[in-house]
Amino acid sequence: MGLLSSSLPLARYRVEGKLEEPVLETVADSLQRHVIGDIDGNAVEKAVGWTSFETPYRPDFAGSCLVIGAYFVFALRIDKKTIPRGVIRKYCAAEEARELARTGARYLGREGKRRIRAQVEEGLLLTIPATPNIFDVIWHYEAGELWLCSTLKEANEALETLFYRTFHLSLIRLFPFTLAELSAKLSAAEHDRLLALSPTSLKG
Amino acid sequence: MLDVAVAFSRYRFLGPEFLTWLWYAIETAPDAIKAAALGRGILTVGDRIVLESSADQPVERVTITGENADLGEGMLALRKGALVAELRLHYTAGDQEWRFSVKGDTLALMGLKTPPSAPVETRDEVEGAVVEKVGLCEEVVRLLDSLFLRFIKLRVSERWREKTIPGMKTWVKAARL
């Protein structure tokens, strides 16, 4: 989802730690090292990587405006090839019929069917293009805060994994408990009470 | 700090409690909400409320939608022990308006619509548009933070048990079904 869309989702994170100086070069180099790869024409189902905000289909951090205002702005891209089950079934049926005709056997065993299915899927993955999904990332480095323009579980999990692999910094998702712990400046007594909380009921 | 996954699961109830309190506070103490918005704007409940009763297995879910929706069903769900799982809000400050939903368990924002900004027609305009959009989103993020921090301070205090819960129960009971 794009930051400049008329309606957007937003998940928030706290970034723990700081990068090596000079920060801008470190960010650009790290993003480039984990840039999204092209999986079209390969028997690969999914790719996850970074791309540039302005040119998400031609990732290039060198030529892109990575810094906008006080923020690093780039994007998480997840490319996926989805083969409809019906298509797999159709090609498997044709392949199985060919195999039976070739061998003269009356039935195909479970292992034979599995082998044919794997071959069919690999063949289809080679031919179909990947669908790119782009989720903008806004990182306020000085404030240690990061936004992802997605609330999809897959995108959030991919961000957390890839961000750590890229920058060796931890992302802490801001949900009620972490927001209370990290932002509320609770006293020691309040913090103890927070840990001991149990649900409230308005019943009765 | 606790392991994040453990903390998410163990304290999942805090988000729905926050949204339920927010609904209550908007209805009964709008001035306090305005103060949390730094006196800048007015926060109102929008056209969608989702309530969930997590004590039930399977989870009972009530969704109220529409500009002039009857909130009676929501109040009935609260009486039965449900809490707000998702709340659509409108925030107006001057002639600007934001519309967004907040998910209780994660506090993630969904369908965030900020006041309109100038369309981007050339590449040179992208930078300005991003800065403006981030600033507009930040208004909502800071507002929610301010409200949540007010809630959590209250939640860990004695006032929650002594005053807020009885107040919320009275509000729920007094609602016309």
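The values are calculated or read from the model by the stated rules, or taken from the named source; none is laboratory data. A quick note: this is a predicted structure, and the numbers were derived from the prediction, not measured. Positions of Cβ are backbone-derived with ideal geometry, glycine not excepted, and every protein chain shown enters the neighbour counts.
Structure notes:
- Residue list for the range A:43-55, filter: in a loop (DSSP other than H, G, I, E, B) and either surrounded by 20 or more Cβ atoms within 10 Å (Cβ to Cβ) or without any contact (Cβ under 8 Å) to a residue 12 or more places away in the chain (or both): A:Phe53, A:Glu54, A:Thr55
- Scan of the range A:76-114 for residues that are small (Gly, Ala, Ser) and either within 23 Å of A:Ala43 (Cα to Cα) or in a strand (DSSP E or B) (or both), ordered by number: A:Gly86, A:Ala93, A:Ala94, A:Gly112
- With respect to (1) buried (at least 17 other Cβ atoms within 10 Å of the Cβ); (2) hydrophobic (A, V, I, L, M, F, W, C); (3) in contact (Cβ under 8 Å) with a residue 60 or more places away in the chain; (4) more than 8 Å from every other protein chain (Cβ to nearest Cβ), the lone exception for B:Val50 is condition (3).
- Taken over the range A:140-162, the criterion of being in a helix (DSSP H, G or I) and of a type outside the set (Ser, Thr, Tyr) is satisfied by A:Lys153, A:Glu154, A:Ala155, A:Asn156, A:Glu157, A:Ala158, A:Leu159, A:Glu160, A:Leu162.
Okay, residues lined up against (1) of a type in the set (A, V, I, L, M); (2) within 17 Å of the chain's Cα centre (by Cα):
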| position | (1), (2) |
| --- | --- |
| A:Ser150 | no, yes |
| A:Ala155 | yes, yes |
| A:His168 | no, yes |
| A:Pro176 | no, no |
| A:Glu181 | no, no |
| A:Ala184 | yes, no |
| A:Ala188 | yes, no |
| A:Leu194 | yes, no |
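- If only residues of the range A:1-32 that are touching a residue at least 40 places away in the same chain (Cβ under 8 Å), small (Gly, Ala, Ser) and more than 24 Å from B:Ser101 (Cα to Cα) are counted, the one that is farthest from the other protein chains (Cβ to nearest Cβ) is A:Ser30.
- Residue within the range A:59-67 that is without any contact (Cβ under 8 Å) to a residue 60 or more places away in the chain, assigned to a strand (DSSP E or B) and out of contact with any Phe, Trp or Tyr (no Cβ under 7 Å at 6 or more places or on another chain) present: yes
- Subset of the range A:1-21 (residues that are part of a strand (DSSP E or B) and of a type in the set (A, V, I, L, M, F, W, C)): A:Leu8, A:Leu10, A:Ala11, A:Val15
- Qualifying residue in the range A:170-177 (condition: closer than 29 Å to B:Arg142 by Cβ, within 7 Å of another protein chain (Cβ to nearest Cβ), β-branched (Val, Ile, Thr) and assigned to a strand (DSSP E or B)): yes
- Filter pass, A:Ala189 being modelled with pLDDT of 95 or more, more than 7 Å from chain B (Cβ to nearest Cβ) and assigned to a helix (DSSP H, G or I): yes
- Only listed residue being touching a residue at least 60 places away in the same chain (Cβ under 8 Å) and exposed (fewer than 13 other Cβ atoms within 10 Å of the Cβ), chosen from A:Glu142, A:Glu157: A:Glu142
- Any hit, the range A:93-107, residues being surrounded by 13 or more Cβ atoms within 10 Å (Cβ to Cβ), among the aromatic types (Phe, Trp, Tyr) and out of contact with any His (no Cβ under 6 Å at 6 or more places or on another chain): no
- Scope the range B:1-45; condition surrounded by fewer than 22 Cβ atoms within 10 Å (Cβ to Cβ), within 13 Å of another protein chain (Cβ to nearest Cβ) and more than 18 Å from B:Lys169 (Cβ to Cβ); matching residues: B:Met1, B:Leu2, B:Asp3, B:Val4, B:Ala5, B:Val6, B:Ala7, B:Phe8, B:Ser9, B:Arg10, B:Arg12
- Taken as a whole, the condition of being at pLDDT 95 or above, aliphatic (A, V, I, L, M) and in a strand (DSSP E or B) does not apply to A:Leu31.
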